[in-house]
Protein chains: 2
Amino acid sequence: MDAIAEPTGTGTRVENLVTPTLLLDRSKLDRNIQRLAEHAEKLGVVMRPHMKTAKSIDVARRVFPGEPGPITVSTIAEAEYFAEHGYPDMTYAVGLSPASALRAMELCRRTGADLKLLLDTVEQADALADVRKATGVTPSVFIELDCDDHRGGLKPDDPKLVEVADRVVAAGAELVGVLAHAGESYALNTPAALVKAAENERLATVKAAEILRARGHACPIVSLGSTPTAHFAENLDGVTELRAGVYMFFDLVQHGVGVCAIDDIAISVLATVIGSKPEKGWVLIDAGWMALSRDRGTASQQIDQGYGVVCDETGQVLEDVIVVQASQEHGILAVRSGSGKSMPDLPLGTRVRILPNHACAMAAQHDFYSVLNGKSPEIEARWERIRGW
Amino acid sequence: MDAIAEPTGTGTRVENLVTPTLLLDRSKLDRNIQRLAEHAEKLGVVMRPHMKTAKSIDVARRVFPGEPGPITVSTIAEAEYFAEHGYPDMTYAVGLSPASALRAMELCRRTGADLKLLLDTVEQADALADVRKATGVTPSVFIELDCDDHRGGLKPDDPKLVEVADRVVAAGAELVGVLAHAGESYALNTPAALVKAAENERLATVKAAEILRARGHACPIVSLGSTPTAHFAENLDGVTELRAGVYMFFDLVQHGVGVCAIDDIAISVLATVIGSKPEKGWVLIDAGWMALSRDRGTASQQIDQGYGVVCDETGQVLEDVIVVQASQEHGILAVRSGSGKSMPDLPLGTRVRILPNHACAMAAQHDFYSVLNGKSPEIEARWERIRGW
């Protein structure tokens, strides 16, 4: 593990950190990584983790302690960063524009990395001819599939699937496979529904690959995944690789879906008590939405966790205490409505940890992780994150 | 204005910017700054703008083209940044913890700046004695008032007001005044209600100052403000300074409150069309919540603007087209439900601008502004923002 480049506060113990700040529990991170790696191995597929949640080379090194492996990225800036760190095989899992495809292929030419692109229209396929001409690089392309009406992509039985594949080839690009993301699985909350969503994702993806192969496209990669379906898939026959991102950290939304325990959540924001309103049952902290994010993903779940679940400084959950309101740099803690509990005593200066609704969104509010291990107050490392596009 | 330090994309025209990216219209910024400056002058109060929205020395220089004036900050990191740029008089408008007060006074000792602190409890007041002892700096302190049950602060008639003031003095700190923020004004939407909220904020603040003065505290500064009440205040007798932050940029929430026109909104995210689902009336763009923020502040207003109002590349509003859904790096554009409109043709590669629900939250997702002027496609400057705590 990288040593601490500079202190994250006035010292390297949790009690000395400047708040609010982002904590990462390395033991939970490692456990979460291990869990899905074992599942993927059992199912006979390659893991292509999505780095959009962690955005950190140090976290990537926990996934790949040896040689850099295949990864997924959400921005060209992430691709540039991981290419610089020696990652040779990446998928940019956002539909291409002519401009982003050009940047991507320039990156490939400059670094030798293979950055695979995603598309679902003939217009995008046609644009690749110019990109190839301008950069001298042959784009590797996935066709995006739509398995659950979530966002973009083509249904496997859409006649455009074959048309787009043919146009990719006509543009001089290489069709490397099909890619699906069962984004609607986030809205589920029973094992049976999740198993079904995973199987639906598999069936759609394998069907599309078969249709393309019947038309003469080799379609070597059959890629799918979302954190919920990745964990609940029981059979991935015909699939070659699995993608997931938030699984490394987990969060309260994933807990609400049923994918993880609260205790699996590896990141939190450390905050300090700055006041109270006893007559309202409020305790004020110095972490608002700037530190926690505006994400309210649990608002539509069975248990609304407000802006996050509150733990003590060691990470022990304070039962039924949540962040009920957040402004830019203020959070208001209170007991969950209807819980019948009373607020624990949290005097001025007390440190608390706030668990995220959505790990991707909370982490994005910070430039680095202060890495610790379980309840130990020692900060082992500072891991930088990247930003931007 | 600072020249462009480095290109923001492959060129310095809007069509060459890498998307998504944050645009700032300098002419609108200047107009918004001028508008509130004139109002404050008419009302006979000093402006102490809140830099939490802009977080940029270049924007501060538009407010203070000459000597740096008094400002408000939301983090000690902002205070450090503005102190380095010569700002001598700042208020840290978040309730202090012992640790933040120590950092603040160390900053004052190191730079000579006067960073005023905020508190509302005897515990906070008592903690100042140690801070003074450790740093050798006498803290300047505001007592935070609560004029509308929004968050922290003391009601003017709370006996604790005088008790806290006495304890501030007993701790060897200097009580410089009282400070209120009518945060509930964001929930209003009629001129009459806003005028009333502004007057209520004034009455509470002046009353508290009078109570303290009757007890022998000089209370030289009487500070109040929120963007809505600052604009609707008709009389600020007894008040010495006005604070506001989002007024520089404005946003859709402020438009919903009734403080600004859509055309006053000075920032937007430039995005590129990456696909469409004509059968659903969807157009996909490369700006999701990572670029737009998760803020859904208009959801509770009369007009829900989704994740933002869509404009063409020049900033002209596409009527009734909004961002209806956002994932991390994808936004989905569609016509507002019930509008009866049909989606305009936005082919692959088309550039659009998205106006923010909440300017503070959108800007926080970006590291710099690409500054332009009205409909001109020329990028005049790149202004950096700061982050962190």
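Spin-label model, A:F64/A:E279: points 7 Å from Cα along the beta carbon direction are separated by 5.9 nm.
Across segment A:303-350, Cα-Cα pairs farther apart than 11 Å form 69% of the total.
With the gyration tensor restricted to C-alpha atoms of chain B, the semi-axes of the equivalent ellipsoid amount to 40, 23, 17 Å, longest first. Counting Cβ atoms of other protein chains within 10 Å of each Cβ in A:94-106 and taking the mean gives 5. Centre-to-centre, using Cα atoms only, segment A:113-134 and segment A:370-389 are separated by 37 Å. For the segment B:282-289, counting C-beta atoms of other chains within 10 Å of every residue's C-beta and taking the mean gives 4.
Here the translational diffusion coefficient of segment A:88-244 follows from Stokes-Einstein with Rh set to the Kirkwood radius across Cα pairs; for 37 °C and 0.692 mPa s it amounts to 210 µm²/s. Rounded to the nearest Hz, the phi-derived 3J(HN,Hα) couplings of segment B:138-151 under the Karplus curve 6.51 cos²θ - 1.76 cosθ + 1.60 (θ = phi - 60°) are 7, x, 9, 10, 9, 8, 7, 10, 10, 9, 8, 6, 6, 7, where x marks glycine and proline.
The share of Cα pairs per 10 Å bin across segment B:111-170, counted from zero up to the longest distance, runs 22, 49, 23, 5 percent.
Peptides A:211-219, B:285-293, A:196-204 ranked from most to least packed, by the mean per-residue count of other Cβ atoms within 10 Å: B:285-293, A:196-204, A:211-219.
Using helices alone, I'd like the mean residue ellipticity at 222 nm for chain B: each DSSP H run of four-plus residues gives -39500 (n - 2.57), total over residue count, nearest 500. After summing the helix terms and dividing by the residues of chain B, the value is -9000 deg cm²/dmol.
Proximity of backbone amide H atoms, modeled 1.01 Å from N, is registered between A:K116 and A:M90, A:T91, A:Y92 at under 5 Å, excluding neighbours fewer than 5 places apart on the same chain. Distances over 29 Å make up what percent of all Cα-Cα pairs in segment B:18-162? When every Cα pair of segment B:18-162 is considered, 26 percent fall beyond 29 Å. For segment B:262-384, a crude dipole built from +1 on the beta carbon of Lys and Arg and -1 on the beta carbon of Asp and Glu, taken about the Cα centre, is about 340 debye to the nearest 20.
Look at the dipole of the protein assembly as shown built from charges on Cβ: of B:P228, B:A197, B:V94, the Cα furthest out on the positive end belongs to B:V94.
Straight-distance candidates among the aspartates and glutamates for linking to A:K155, with alpha-carbon spacing under 17 Å and chain neighbours fewer than 8 residues away dropped: A:D120, A:E144, A:D146, A:E163, A:D166, A:E184, A:E199, A:E201, A:E210, B:E279. Applied to segment A:97-102, the Karplus parametrisation 6.51 cos²θ - 1.76 cosθ + 1.60 on θ = phi - 60° returns per-residue 3J(HN,Hα) values of 10, x, 5, 6, 5, 5 Hz, with x for Gly and Pro. Values of log10 I(q)/I(0) for the protein assembly as shown across q = 0.05, 0.06, 0.09, 0.11 Å⁻¹ run -0.26, -0.37, -0.84, -1.24, by the Debye formula with one identical scatterer at each alpha carbon and no solvent. Of all DSSP bridge pairs formed entirely within segment A:1-130, close to 10 percent run antiparallel. Computed from the alpha carbon positions, the gyration tensor of segment B:262-384 leads to an equivalent ellipsoid with semi-axes of 22, 16, 14 Å, biggest first. Cβ crowding within 10 Å ranks A:S223, A:S337 as A:S337, A:S223, fewest other Cβ atoms first.
Positive end of the dipole of the protein assembly as shown (Cβ unit charges, origin at the Cα centre): among A:H85, A:G44, A:V324, the Cα lying farthest that way belongs to A:H85.
For segment B:104-144, report the translational diffusion coefficient in µm²/s to the nearest whole number, using Stokes-Einstein at 37 °C, 0.692 mPa s, and a Kirkwood Rh over Cα pairs. My calculation gives 316 µm²/s for D. Between A:K375 and B:A77, the C-beta separation translates, for a Förster distance of 30 Å, into a calculated FRET efficiency of about 0.55.
Estimated at 0.36 nm per residue, the fully extended path between A:E163 and A:A129 surpasses their Cα-Cα distance by 10.7 nm.
Rounded to the nearest 0.05, what FRET efficiency do A:V46 and B:Q302 give with R0 = 45 Å and r taken as the Cβ-Cβ distance? Could you check?
Values: r = 51 Å, r/R0 = 1.13.
In this case the efficiency is close to 0.35.
The order of the peptides A:18-31, A:242-255, B:309-322, A:265-278 by mean Cβ neighbours within 10 Å, most packed first, is A:242-255, A:265-278, A:18-31, B:309-322. For chain A, DSSP calls about 55 percent of its internal beta bridges antiparallel.
Rounded to the nearest 20 debye, the dipole magnitude of the protein assembly as shown is 180 debye, with +1 charges on Lys and Arg beta carbons, -1 on Asp and Glu beta carbons, and the Cα centre as origin.
Projecting the Cα positions of A:L175, A:G288, A:L117 onto the charge dipole of chain A (unit charges on Cβ atoms of Lys, Arg, Asp and Glu, taken about the Cα centre) puts A:G288 furthest along the positive direction. On the basis of the beta-carbon distance and an R0 of 56 Å, B:D149 and A:Q34 show a calculated FRET efficiency of 0.70.
Of interest is the spacing of the C-alpha centroids, which for segment A:232-266 and segment B:332-356 amounts to 33 Å.
Laboratory data are not the source of any read-out in this text; all were calculated from the coordinates shown. Since the model is a prediction, treat every value here as computed from it, not as a measurement. As a convention, Cβ positions derive from the backbone with ideal geometry for all residues, glycine included, and neighbour counts pool all protein chains shown.
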